[in-house]
Amino acid sequence: MPSKDELSAFSLVLIATLCDILQNDPEPSLRIDAAEALGEMREQSAIAVYALLCAVRDDPDAAVRRTALKVLRAIAQQHQNATPSLLEKILDSLTQIQITLQRMADQPPKVQITFDVARHQRYGQRRR
């Protein structure tokens, strides 16, 4: 079973990945999915809120902008009575995400996923 620190590190990587998809993926449906996933995470972070704000302001797709705004409203409702400790937690999360992103940029990926479309299509045809 993973430790709390390992889960927290995984959570930070996941948030960073979803933010990257939201800001950079060319496919609007994937950006919408990323925005919704950021809203569903228990652990909110300043970087996620910032990415959602940028999507509301800058995304060329209206559906992505609407989804990001809906998610921001939900986050705001969840944290209406924000306490100083919550703000400290968000700032700490931002710092941890920045560290994680730097480490990711400095290291080659540990896992590489490839998908052979032609092979997958041939497999699907054999199964019919």
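Some notes on this structure:
- A single entry from R42, R57 fulfils the requirement of being in a helix (DSSP H, G or I) and either more than 25 Å from A9 (Cβ to Cβ) or modelled with pLDDT under 85 (or both): R57.
- Selected residue (criterion: nearest to Q23 (Cα to Cα)) from residues of the stretch 60-69 that are free of Cβ contacts under 8 Å to residues at least 12 places away in the same chain and in a helix (DSSP H, G or I): R65
The values are calculated or read from the model by the stated rules, or taken from the named source; none is laboratory data. These numbers were taken from a predicted model, which means no experiment stands behind them. Counting neighbours? That spans all protein chains shown, and the Cβs are built from the backbone with ideal geometry, glycine included.
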